Every structure is written in C-alpha cells, then in structure tokens.
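Worksheet: one structure, shown below.
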Amino acid sequence: MKVFENLNIDFISKRKIAYVISGIFILLGLLSLAIRGLEFGIDFKGGTDIALKFDDPINISEIRNNLEQLGLGNIEVKTFGGESGILLRTELQSIPAEVYSDVIAEIKNSILRYEPAAVISVSDSAINAVTFKFAEISVANKVETKLQNDGYQTSRLDDNNIIIRVGIADWIEGELRSTLPDNHFVIQKEDHVGPKIGSELKQDSVISVVLALLGILIYLGFRFKFVFAIGAVVALFHDVLITLGVFALLHGVIPNLNLEISISVVAAFLTLVGYSINDTVIVFDRIRENIKIHKTASIKDNINSAINSTMRRTIITSLTTLFVVAVLLIFGGDVLRGFAFALTFGILVGTYSSVFVASPFVYEYVQRTKKNIQF
Amino acid sequence: MKEFRFRILMIIGVLAFSIYLLFPTFADIQNTNKIKKELSLLTEDLQKSNPTMSEAELNDLLQIREDSLMIIDPSIRENRENRMKLGLDLQGGMYLVMEVNTAKLLEKLAKDPDDEFKVLLESAAKEAQVSDADVVEILASKITLAGKRLSRYFGSIREEDADIISKLKEQESDAVTRAIEIINNRVNQYGVSEPNIQKQGSRRIIVELPGIAKEEEAKRLLQGSALLEFKIVKESNFTIPVMNRIDEILAANFKNESDSSSSNVIDTTSTSDLTEEQFAKEHPFYSIAIINPQSPYADAYVKESDKNKVTTFLRRPEVKNAIPDNAEFLFDAKPFTSQEGVNIFRLYLVNKEAELTGGVIVDAMANIDQQTTEPIVTMQMNSEGAREWARITGSNIDKRCAIVLDNAIYSAPTIQGKIPGGSSRITGMADMNEAKLLQIVLKAGALPAPVDIIEERTVGPSLGQDSINKGFNSTMIGFFLVAIFMIFYYKKSGVISDLALFVTVIMIMGVLAGFQATLTLPGIAGIILTIGMAVDANVIIFERIREELTTGKTSKAAVDSGFANSYSAILDSNITTFFTGIILYQFGSGPIQGFALTLMIGIVASLFSAFVVTRVIFDMLVAKGNKINIG
C-alpha cells in the first residue's frame, strides 16, 4: 500500500496556522487548569480508597445517602469496573475522635445482640482497633465467628480478648453490609496513603518530568544542534501542557473515565515524553541528513522535504502505538484507564507537535538569527 | 548461507534461552492448577466424610497435603522459585511503607526529659512532617536555639553537639534495622510465602506480603512491640518422654483414622521406600522431628519443608494435652543448613514461663574476642535485671537459656556459671553476622523500634485475577491488531516484521523471568506499549528501503543502505526513550518500576529484533535472488 506517496506539502509556510491551533489548545488547557484545576488521587492527597464489587448491580446515589449518615464527612462514591462495582474515597486517615465512641458503642451493641448474656468490657482501644475482654472463652469463640460472618476483621489477643479492627475502611464496609444485607460484596482493593507520602510524590513527579526534559535537552544538544534540542523540548512541553489541560477539562465529565492524577498517570506523562520525542528525532535526523547532502538548499526546503519524506513513517508508527493504547483504554480495565487515556491523547498531540511545533521552531530560530546550520 | 549461520544461530540461541527461562513459569502454572484441583477434591471428600470439621482443621489438613505434594515432586518447588514473579497488584496482597517514628525514639533516649524538652520535641516532630530535614537535626537546632547544649538530654556532658547528633542518627538507623529484623522474624513465623521486606532510604521499610487476606493479622505482625524473653530449655530427661508420648498419640490416632471409614487424608507417602513408610506410620512425629541420640540435648531437627506439618501436629488438642502445662515447644528463628544443603530448624522444649523479659537489657554489643578471635556478644542489664539474672544463672548452671523473640529462638547458650554483675558474654556464634543478629535481637528487648504505617495498599485476589485476564487479553488483542496491520500495509515485509515482533515479545518475557523480575499490571501495559512501539524500528527501515528502491538501486544495495541510513534515527530515538525509562524506574515504586523495566527491556529487545532478526531475513531473501518489494 502506498499512502502519502510523493507527498509534497509546504509545511513550513503553513506553520502560522499550526501556531494558532496550538495556541488555542494551550490557552484552553491553561484556562481549565486555572478554573477547574486537576483532580488529584489519594496518591497525592493522602486518604483512603476502597474498591468494592457487589454481587448485584447497585444504586450509587442510594449508597451515597447511606454513607452520608456515618458522620465521616465527605465520602466520594464512583463506579468502578461495571455497574456492580464502586470506588469509595475519603481523605480521612482514620475514624475521627468524635465518632469513635459511637463506633465502639455500636460494636458493643452487636456483640450483645448475638449473646445477650455476654459479660464484656473494653480492655484496649487504639486508633484503628478496639479490644473487648470476654469473661467466658466459649462466649468469645461464638461471638468471634459471628463478628467475622458480619464482616468484621477480628483476631485474638489471647483466649479472652478479641481485637476488632475499626479502621475507617472497616467502618464504611460495615455500614454497607448492614444497609445492603442482601447484596454481598468483596473488597477489590484498599489503599491508605499518608499525607507525607503525597507531598513527597508531588515533588518527585515534578522533578522526574523536569529531569527527563533536561536529559533529552542535553542528549539532543550533543547529537544535533542546541536549537534542535530546544525545539524538541518545546514540543514536549506543548504536549504535556495540552494533555494536562485535557485532564483538567474532562475530569468528572465522562462517566467511567476516571481522570485523576495518580502515580500511574504521572508515569504515563513520562512515557509520553519518551515516546513523543521519537517522532521528533526521526524528523530531525532527516533534516540533519538533508542539510549534509543538500548544502546549498534553503533550510526551509530541507525541513519541508524531511517532514514530507518521514510523514508516512510518522503516521504508521503513531497508528500502531495508538492501536495498542486504545486497546488498553478499552480492554485494560479501570486500574489502567487514566494511564491509557493520557497516552492515547498524548500520542495524538505528540505526533502533531513533532511536525508542527518542533521543526517550525528550528526554522524560526534560523530565520531570526540568520545563522547557517551545518553538521 | 554460511555468512548467515552465525546470526541465525544467535537468534535461535536467544529464542531458546528465553523459552528455557520461561519454562518454570509455564510449569508452575500447570502445577498450581494441578494442586488446586487435588486440594478441592480433598476438600469435598473431607466435607463429605466429616461435615462438622472446623475451618481451621480443614485448612491444616489441606496445608499438610499441599506440603506433601511439594515434597513428593521437588520440581514443583524448584519451578515456583524460578518462575516469573507476579506483583501484588496481580496476585493480591498487601504493600506497606513504614517509617520509624524518630520522635518517639528520641523521647525514650532522652535523659530526664523536662517539659521544655517535650514541647521542643513535639514541635520538631511537626516540622519534620512537612520538611525533608531529619527530626534529630530539627530538634538539635531547636535545643541550641533554646540556649541549651544537646548533652543536657543526650550522650555525656563532655561530648560535642555534632558527635551527639551523629550518634543519635546511628540510633535511628539501628532502630530501622531492628524493626526489619522483628518484622522478618514475625513474617517468617506467620508463614507468608515470598514476603519482601526491605529498607528504603534511612528511615523507611517497605513490606510486601503477597496473598495476605486478613489485614488485621498482617498489621499485628508489623506493629506492636516485640517481646524478648529468656526461657530455660528443658533437659533431655524431661523432653524425651514428652516427645515419646506425642509420637505414640499421633501413631495411635492415625491408625484409627485410616482404619475408620473412607478418609485417606494422611496417606501422603510416596511408594519409594516401604520401610521408611512403615517407620513414618509407626512414628509420625519422630519421622519428621529427628533426635540425635548421641547429643546430650533433646532438640528435634525438623526440615524446613516439614515445619508446617510439625506445627499442625503440635496444635492438635490431644497432643496439646500431652505437653506439660509448664512447657512449650518453640522453633529456631532461622534455619541452619545441613551438610546436604537442607534447611533445618531445631525444635526446643522450653519453660513456658519466662525467667526474664528483655526490658531489663540496657545494651548489647557484638564484638571479636581479643584472645580467642571468636565473635562474642556482650550484654548489659540494669540493676534490677542484674539481680534477677544472678539468681537465675546461679540456679541453672549447665542448663541452656533460650533467647526468645516473639516466640522464636535466636540462640540457646549454656549457662556456664552464676553471672553476678549484670554483664554477660555470649559465645559460640558461627560468625560475626550471627553475632550482629543477636545484638539486634537483644536490643529489640531494650529499645523498641516504634514504626508508623504511612502507606498501605491492599489488592484483593479477585481484582488481581481480573487484572491478569484483562492484561492478557489486551496483550493478545494489541499484538494481533498490530500484526494484522503490518501485513495489511507491508504485505510480505509485514510478515517479517511480525516475526521480529514475536521474537521481541518472547525475549521480553524471557528476560523478565530470567531476572526474576516482578510482573505488575503496569508492567503488562509496558509490554503492550512495547508491541506498538517495537514495530517503529521496522517501519523506519522499511520506509527507508522503499525510498532507496525508488532511486533505482538494486535490492541488495537498497537493503544495505536502507539499514545503514536508519541506524542513527533509530538509535537516537530509542536512547531518549530508554533514558526516560531510567528516570521512571527511579521515580516510581513497585508497579511503576515494573512498567519502566518492561519498557527498557522492550527497547533493547526490539532493537535486537530490528537490527538482527529483520536484517538477516532481508539479507537471506536478497542472497537467494528475491526481489525486495516493500508493501
């Protein structure tokens, strides 16, 4: 098959159109970043994430109402993996002190409901576990089985003492078990992230992206000319900015597409940086070759012919990569969706920018400085 | 054809080696399925024959059967050890990041802390939460600001502040080492398979526990203070009769069980050796807990593979009744390796009541004895402990005293005489490492290592399996989409690139298995992404060859210059991507590192495929006189 055979488009002369398009996208991106902002996941904010899978489809708003009555403040509820899965999120790390005594009282009540004659006392209560002391071992045994059946996580300190875990996740789960007794669920995943980790991660993310850009700048500076390196990094910056803008613009808009910034999304951005540079390097490599061969040709012709002759390759490789990330986006499941989206969109922008941003940048530089580039 | 022989051999070699590395993974998948099937059959049988059986009993029996299956066929264990590891996000489990709470440690270390100190410490701890600086440094500067010297609270009066700071930091790092040992010890006893515990930075510990279902249990393993105890080991004239009784009880029980009804649970022996089988039947306990008749001690030697079985034996109620109330069986914390290379745990019978707990230890130090050049550990106790210790050692001369941390024995030295001053020397360690370990353990009694869980991630097994399925399907769909597209677009040359792609994927998997790297969900995403990107190099080469052909070159010349002219572009673009892979690896933890790793391996593999596999096929086609035609 021969698509784009003998392509001959004067890309450089049309660069102004590209500037306008890029400008609009960047402006839109900046605006949504400023107005809507990014939605950060618990990796960055700290908090608790719980993913549950129910046996039967569930009604999200019903769950939302139930959980509001817990007094734990704002608990986000989203779908996760089809219509019987939910993702719960709270920024709290543990049950707030003012609710904790209610929690203990309620556990005590349920123990007394199982065994009205039980003689119990609270022998220890820590931030996420409470220990009940039972006068009789046989009662303790019976109660422990019942507690476990009700979904409490228990363990034995010794024969008489049962430790019951009351982390914030358990409490939410317990509530759901009692309000939806007929619809059983399993815990798919549970994440707790402390606030300190989050702030460190933010720093690390920024450092890594900057480091990646810097590394590319230095490497390409060595291999090509410094202006090429800057052109490439400007294009990468352009890609990252626009993709970030899309994350800001679309989070919470499309159902089933969770566009929050998590570690894996940051990984996707770094990958994007690494991938998007490929196209740019291929074009640059051809410009370099053209400049070596056609010493007398104008820089404009050399750049144009480089873009034209590599166009087919640019499109085919972007297409094959788009195929696989689209597959990931559709079939990869919720865990990878944000990651796959960042890459899918990023590859589109990246392909565009290697043709319409990076090379024109080099051209502008040559135009303005009137310098001759030679390899 | 001669000129291609080397390259073809190399390709075949690489492929064969990759498949060889992948073999244990395939075998393990099959073994796991086989064992699962067998166990579910057994579960059915057991539930039919004995419907009242409790879950714990059932699990014990299942565990025994699984262990025995593993013993009958040692290749099962071997394959499992060499298979590609699955990350926690794929097989389910817990991932925790813990941090030593330096503020708590400093509070313990301070000499008569006054109110002012407490205020300073509290504000230092708060400040440390938002800054990179260490609590020690922040506190030191605060104390100095308050016009005091550090030696008011730490160290001795003559020491400079800088010395004290470095000593405190040492204490901090000691605490991490201690915490790691404590966690290691507990996790090993709990029987978590393939745990991973490692130090991160100076104050953090990363713990990965695959397949842990009960979070609370896992957390109890990790938090809570460690219990160090000194327990006198029972002498052999006490221990031997107890073991005899256990052996008899078990033999009688198994006889009953196998006589009565259909239960065939315990018949797990192989058919290899009848007398051994006979012995195992008559002496179920002694056949796996072996006593050396020549030794003055009655320690039983238990192979690592039999440890679970012995534990289950000891948990049976009828066996429990045979053990005197004042004694209990405890295992070594760490196995020693026998001459045959088998890991062996000693099983001791010790006094249930501890003589002394570790709280009395003030300090412990591993050293080399000046005279004998043997490693020794010296240990100091406080005055109250020293008094007790003198009494204990005085009345137990020639007996052994086990050093027990969280119910596992680290050492059981013989008491050689009364120790009056509270300062003891322990000798008999094999090497300095063992002495260092004992020092850590002894200190665990003196100074707890307060750790906080600062990050915790749990993935349930169902989500893990779901992720594996989705990952596998996506890889397949992605591979075929790309493969079909390449054939559609490049026709015959497309087939060549698909072949190269196939080699790439096999190589990635092989290298992952060979390095015993962990495959995570993002790692699978990395493979998928590599599939899309791997054809990149081929496309560049094909397009270049096509261009060369249009200038009227012969097939051979076009192929040669096509490859030659693509090198720089392919290398430059892949090196930059590889570079971001390295950064990604540095940046991320667990799953993300898996992604970075597959991405980097994928880049190298696809370069090999493009420059070697694709090239040799083209060269062969040209040599055979075929006309090269791209698309």
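Just so you know, all these numbers are worked out from the coordinates, no wet-lab data involved. Keep in mind that this is a model prediction, so the values were computed, not measured. Here the Cβ positions follow ideal geometry from the backbone for every residue, glycine too, while neighbour counts run over all protein chains shown.
Listing A:249, B:9, B:150, A:270 from fewest to most neighbouring C-beta atoms within 10 Å gives B:9, A:249, B:150, A:270. Using 22 Å as the Cα-Cα cut-off, could you pick out the over-long pairs in B:142/B:443; A:142/A:189; B:309/B:436; B:320/B:352; A:300/A:370? Beyond 22 Å between Cα atoms: B:142/B:443; A:142/A:189; B:309/B:436. The Cα atoms of the protein assembly as shown cover 102, 80, 72 Å along the three principal axes, with the biggest extent listed first.
With neighbours defined as other Cβ atoms within 10 Å of a residue's Cβ, the residues A:170, B:619 order from fewest to most as B:619, A:170. Relative to the longest principal axis of the Cα atoms of chain B, the long axis of helix B:236-259 lies at roughly 50 degrees. Each residue of segment B:368-374 was assigned a 3J(HN,Hα) from its phi angle through the Karplus expression (A = 6.51, B = -1.76, C = 1.60, θ = phi - 60°), giving 9, 5, 4, 7, 8, 6, 8 Hz with x at Gly and Pro.
Only Lys, Arg, Asp and Glu carry charge here, each on its Cβ (+1 for the first two, -1 for the last two); on that basis the protein assembly as shown has a dipole of about 4700 debye about its Cα centre. Placing unit charges on each Cβ (+1 for Lys and Arg, -1 for Asp and Glu) gives the protein assembly as shown a dipole about its Cα centre, and among A:73, A:316, A:342 the Cα reaching farthest toward its positive end belongs to A:316.
Diffusion of chain B by Stokes-Einstein, at 37 °C in a medium of 0.692 mPa s and with Rh set to the Kirkwood radius over alpha-carbon pairs, works out to 111 µm²/s. Looking at segment A:13-88, the pairs of alpha carbons with a distance over 22 Å make up 51% of the total. For segment A:317-369, the normalised intensity computed at q = 0.12 Å⁻¹ comes to -0.39 (log10 of I(q)/I(0), Debye sum over alpha carbons, equal scatterers, no solvent).
This ranking places A:320, B:357 by how few other beta-carbon atoms lie within 10 Å of each, fewest first, which gives B:357, A:320. A full extension of the chain between residue B:193 and residue B:118 corresponds to an added length of 22.8 nm, given 0.36 nm per residue minus the alpha carbon distance.
Just going by the charge dipole of chain A, with Lys and Arg at +1 and Asp and Glu at -1 on Cβ, which of A:50, A:296, A:275 is farthest out on the positive end? Going by the charge dipole, the pick is A:296. Computed log10 I(q)/I(0) for segment B:95-224 at 0.11, 0.17, 0.18 Å⁻¹: -0.47, -0.88, -0.94, from the Debye equation with unit scatterers placed on every C-alpha and solvent omitted. Averaging Cα coordinates gives a centre for segment B:455-495 and one for segment A:32-77; these two points are 30 Å apart. Report, in degrees rounded to the nearest 10, the 0 to 90 angle that the Cα long axis of helix B:492-514 makes with the longest principal axis of chain B. For helix B:492-514, the angle is close to 10 degrees.
Using alpha carbons only, the radius of gyration of chain A set against its Kirkwood radius gives Rg/Rh = 1.17. In whole percents, the pair-distance distribution calculated for segment A:293-351 from its alpha-carbon pairs, binned every 10 Å from zero, is 22, 34, 21, 15, 8, 1.
Using θ = phi - 60° in the Karplus curve 6.51 cos²θ - 1.76 cosθ + 1.60, the 3J(HN,Hα) couplings for segment A:205-220 round to 4, 4, 4, 5, 5, 4, 4, 4, 4, 5, x, 5, 4, 5, 4, 5 Hz; x is entered for Gly and Pro. As a size descriptor, the averaged projected area of the C-alpha convex hull of segment B:461-623 was calculated at 9.8 nm².
A Förster radius of 35 Å, combined with the Cβ-Cβ distance separating residue B:275 from residue B:57, puts the computed FRET efficiency at roughly 0.70.
Charges were assigned to the Cβ only: +1 to each Lys and Arg, -1 to each Asp and Glu. The resulting dipole of chain A about its Cα centre is roughly 2880 debye. Taking only the alpha carbons of segment B:229-446, we obtain Rg and Dmax values of 19.7, 67 Å in that order. The separation of segment B:499-513 from segment A:301-352, counted between C-alpha centres, amounts to 22 Å.
Within 10 Å of the Cβ of each residue in A:161-173, the mean number of Cβ atoms contributed by other protein chains is 2.
For residue B:454, the amide hydrogen comes within under 5 Å of the amide hydrogens of B:97, B:98, B:99, counting only partners 5 or more places away or on other chains and with H modelled in the peptide plane. Whole-percent P(r), segment A:78-213, all Cα pairs, 10 Å bins from 0: 10, 34, 28, 16, 8, 3, 1. In chain B, the longest principal axis of the Cα atoms and the axis of helix B:432-446 are about 60 degrees apart.
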